[in-house]
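Peer 1: Sharing a structure, written as structure tokens. Questions coming.
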Amino acid sequence: MLAKRLTLTGFTLVGLVCVAPAAGKLDFNRDIQPILSENCYHCHGPDKAERKGGLRLDEEKAAKETKDGVTAILAGKSADSEIIKRILSHDPDEVMPTPKSNRKLTAAQKETLQRWIDEGAVWGRHWAFERVEKPAVPSSQDLRFEISNLKSVNPIDAFIHAKLAQEKLQPGVEASKQTLIRRVTLDLTGVPPTPEEVDAFLKDGSPQAYEKVVDRLLQSPRYGERWSWDWLDAARYADTNGYQGDPTRTMWPWRDWVVKVINNNMPYDQFTVWQIAGDLLPNATMEQRLATGFNRNHMFNGEGGRIAEETRVENVFDRVETTGTVWLGLTMACTKCHDHKFDQLTQKDYYGLYDIFNQTTEEGRGGGGRTGGVPPVLDVAGADELDELAKREKLVKEAAAAVEKYEETRFPRAKGRPASESPAAKSLSSNVTSSIAEAPARRAIGLIDRITTELKDETEYVAVLKPLRGAVKRRDEINNKIVRVMVMDTIAKPRETFILSKGLYDKPTPEKVTANTPATLPPLPADAPRNRLGLAQWLVDRNNPLTARVTVNRFWQALFGIGLVKTAEDFGVQGEKPVHQPLLDWLSVTFMESGWDVKALHKLMVMSTTYRQASNVSPALLEKDPENRLLARAPRYRLPSWMIRDAALFSSGLLKETLGGPPVKTYQPEGIWEEATFGKITYKPDTGDALHRRTLYTFWRRIVGPTMLFDNPARQYCSVNVSRTNTPLHALITMNDITYVEAARTLAQRVLLAEKEDTQRLDLAFRLVLSRAASPDERGILLQRVNYLKTQFGENKAEADKLLKVGESPRDVSLEASTHAAWTSVCLLVLNLDEALTKE
């Protein structure tokens, strides 16, 4: 079934056509709205509180209506349109934009607005809010490129080449087979290919050779590990709550679920519904409830003195804004305080979504601890553990019943009231009264000990408390071993939702709001449930114009470096209009029509000749298209730091490939956690295989993330953007961090044991790291370096021994120390070559 879903034969592979640029009238979305959005909407846009002069320019009716004899936009008559009079004025009290706004129209923009009005001021709706329709794939009737070097053409190439034709550009040549297999293996699995995999691809001369590589990679369990990383950034996944105390939470079973379902190619619409509302599905399974951990990945402020309701409200805010970013590509955050200044999103829209997420039992109090998280939580335990826990819970209840019976006499009070309200409790200390305020069955060991310590002379009372303490202790012993994950649930009595003044938790306005979706988007179906399930189903409905576009764009960003829409987090009017909108829309509809098949989409992208181009660039092309938005070549950019680390471990042979499990603590400079927590939390690295797991499994402390990641979001909030840098400071990690030095030492050992001649050893190191042999020039330089270092380390045995002791993994002591140290240095150099750190 999977192979059938991944085939490309369902797509019409066609030739190419030159699409002429739009002739005649200007286009509102392309030519006019960007000018208005950037220069006018701040004062004359959706936000009624900030709107000046009663003029609204983001809606056609308001912009064209006549007030007091004045019309801002009079179709066909720019000279009589007030907006033109104002933008052409030289009077500082009349000109728009105003001088104090620090905005200024260019002469070309002024001329464009005049021309558009004279052409009839034909309006349009923002492109991303229009229903996504499938455009026709360009045909070959009017244009043919000579692309004999490109082995196949798929619809992606038809759109890209048509755009190139408009720009009078040619597509690039295909990359070498070594470059191509390294590129696609890193993109789909996050680690480089093995020399054996490269050799097999080079020897396979069949037309299907590359497709066979792609299919193999899509079936690898490494695929799920690689693609989970981007999702964890979006989901703000971490292993602690954040804030000053930063207590540990247990969310890794949710992370493992993500890896599993991505490997199993769960359809993206199902992936969406389960994570937003899996618990609301009929007869929800444990796995479906576990999936809802997505919306509990946010930070949690459980510090002392913190107001619980403030924390709870902030958590609901986070869920609304994360959903808005991940599935809608909208900047929802500002609408919790006021109507959006640029997009047609209102404060009421925000609280309509807020009401949907406002119905969990989470109270905003608590900060983690032995339960592994803040309720509601899901017990992720086996049947035997749950049975044993139930038995011990029964014994607690029996012992508590005996205490309750005794306390009815010791502390007489009205039925149903706590013992602390008894007149007999008035003479007791606050420690005791606060302890007996809890029902016996809910008392922790600490509360029981307070009572028995202060009332030790009441031997009968102490005697009846003793069995309860023992039962609670035995219950807690197994209870603390059960893994619990924070998940979503629904409160029995729905909360009312009111718009909050300026987003302040304690400043509700009188305006009550009920569950709803933004009015500018298609409405919830009349029969849809007004809850998270209804929202989730609406997000993946065919009529939703955003979810497929936003998702496809992020996948494109991951493979090509920049999304078809560069502003992956913002598809609103302030976001970028896609350079290749027809392609984005075609891919979005194709994605939905495939049953939201992610692997099929990835295959379609990497099979394209656009993806398979070489990254070579001429000065002329670089000047014309510096960011490679037209895609006349393949992108070339620095790999993310997590992938650089995984690749180094994999190439050296150190990587321990075990799927899932609790997070691990790898090497880290001393004192980092201590400094961030005023000495309250210390870092102790793991040992053995845990040190060399994939970076995906590294323990993530919210207030200070893994130190070897120099370009990753902090995961305090949702992030879907690429943070790419290549500052030389990164070499402090890739040349000095224990992991990289140890990887170089192990790589050196690997090549020394595998080959007898230095030339073959160097070639093997290159093949393991770069998927190619060293060039003659590289061999000459590096073998000379090896011989020099052998002499240096031979004369300084202490330095050789010091280098060879870096890292916990054992070294083969049969290798001569100065030779091993010399090759370690050269292998570290190879791991730090620009080509090793870069996606070619």
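Peer 1: Mind scanning LYS394/LYS481; LYS61/LYS502; LYS203/LYS839; LYS665/LYS797 and naming the pairs with a C-alpha gap bigger than 21 Å?
Peer 2: LYS61/LYS502; LYS203/LYS839; LYS665/LYS797
Peer 1: Please work out the Cα center distance from segment 278-355 to segment 491-536, rounded to the nearest Å.
Peer 2: 11 Å
Peer 1: I've got another one for you. Report, by chain and number, residues whose modeled amide H sits under 5 Å from the one on VAL664, excluding near sequence neighbours (fewer than 5 apart, same chain).
Peer 2: For VAL664, the qualifying residues are THR698, PHE699.
Peer 1: If I model a spin label as a point 7 Å beyond the Cα along the Cα-Cβ vector, how far apart are those points for THR490 and THR459 in nm?
Peer 2: Distance between the two pseudo-spin positions: 5.7 nm.
Peer 1: Another one. Arranged by the count of other C-beta atoms within 10 angstrom, fewest first, what order do CYS718, CYS337, CYS827 take?
Peer 2: CYS337, CYS718, CYS827
Peer 1: Right, here's the next one. Tell me the net charge near THR360. Cut-off is 14 Å between Cβ atoms, THR360 excluded, with +1 for each Lys or Arg and -1 for each Asp or Glu.
Peer 2: 0
Peer 1: Near the amide H of LEU500, under 5 Å away, which other amide H atoms are found, from residues 5 or more places off or on another chain, if H is placed in the peptide plane?
Peer 2: Amide H neighbours of LEU500: THR509.
Peer 1: Which of the GluC sites (Glu not before Pro) found in segment 43-130 are in a DSSP loop and have at most 16 neighbouring Cβ atoms, other than their own, within 10 Å?
Peer 2: GLU50, GLU59, GLU65, GLU94, GLU119, GLU130
Peer 1: If neighbour count is taken as other Cβ atoms inside 10 Å, put THR311, THR707 in order from fewest to most. Don't skip to the answer; put the middle values down first.
Peer 2: Values: THR311 23, THR707 15.
Result, fewest neighbours first: THR707, THR311.
Peer 1: With a ≥ b ≥ c the root eigenvalues of the C-alpha gyration tensor of segment 738-839, is it rounded (a/c under 1.5), prolate (a/b larger than b/c) or oblate?
Peer 2: prolate
Peer 1: Also, I was wondering about something else. For a quick check of your reading of the filter: which GluC sites (Glu not before Pro) in segment 632-720 sit in a DSSP loop and have no more than 16 other Cβ atoms within 10 Å? All intermediate terms of the calculation are to be shown ahead of the outcome.
Peer 2: Working: sites: GLU657, GLU670, GLU674, GLU675; in loops: GLU657, GLU670.
Counting only loop positions with at most 16 other Cβ atoms within 10 Å, the GluC sites (Glu not before Pro) in segment 632-720 are GLU657, GLU670.
Peer 1: So, one more: Going by amide H atoms built from the backbone, whose H comes under 5 Å of the H on GLU174, apart from near neighbours?
Peer 2: Under 5 Å from the amide H of GLU174 lie the amide H atoms of ALA614, each far enough along the sequence or on another chain.
Peer 1: Find out how many positive minus negative residues lie around SER176, taking Lys and Arg as positive, Asp and Glu as negative, among other residues whose Cβ is under 11 Å from that of SER176.
Peer 2: +3
Peer 1: Separate question: Enumerate the calculated ³J(HN,Hα) couplings along segment 381-387 in order (Karplus 6.51 cos²θ - 1.76 cosθ + 1.60, θ = phi - 60°), each rounded to whole Hz, writing x wherever the residue is Gly or Pro.
Peer 2: Along segment 381-387, the couplings run 9, x, 4, 5, 5, 5, 5 Hz.
Peer 1: Now for a separate question. Sort THR453, THR433 so that the residue with the fewest other Cβ atoms within 10 Å of its own Cβ comes first and the one with the most comes last.
Peer 2: Result, fewest neighbours first: THR453, THR433.
Peer 1: Express in whole angstrom the spacing between the alpha-carbon centres of segment 789-840 and segment 28-82.
Peer 2: Measuring centre to centre over Cα atoms gives 67 Å.
Peer 1: From Cα pairs below 8 angstrom and at least 6 apart in sequence, can you work out the relative contact order of segment 331-427, rounded to a whole percent?
Peer 2: Relative contact order here is 11 percent.
Peer 1: With θ set to phi - 60°, apply the Karplus curve 6.51 cos²θ - 1.76 cosθ + 1.60 along segment 228-236 and write out the HN-Hα couplings as whole Hz, x wherever there is a Gly or Pro.
Peer 2: 5, 4, 4, 5, 5, 5, 5, 7, 6
Peer 1: Quick one: which of LYS48/LYS348; LYS52/LYS104; LYS104/LYS341; LYS134/LYS577; LYS48/LYS77 span more than 21 angstrom between C-alpha atoms?
Peer 2: Those over the limit are LYS48/LYS77.
Peer 1: Another question, then. Once phi is turned into θ = phi - 60°, what whole-Hz ³J(HN,Hα) does the Karplus curve with 6.51, -1.76 and 1.60 give for every residue of segment 129-135, x standing for Gly and Pro?
Peer 2: So the Karplus estimates, Gly and Pro as x, are 8, 7, 3, 7, 10, 8, x Hz.
Peer 1: Also, quick follow-up: Let me check I've understood the local charge: for VAL550, count other residues with C-beta under 11 angstrom from its C-beta, Lys and Arg +1, Asp and Glu -1. What total comes out?
Peer 2: The answer is 0.
Peer 1: Distance between Cα centroids, segment 373-438 to segment 228-245: provide it in whole Å.
Peer 2: Their Cα centres are 35 Å away from one another.
Computed from the coordinates by the stated procedures, all read-outs in this text should not be read as laboratory data. On a predicted model such as this, the values are computed, not experimentally measured, just so you know. Cβ coordinates were reconstructed from backbone atoms using ideal geometry, including for glycine residues, and neighbour counts include every protein chain displayed.
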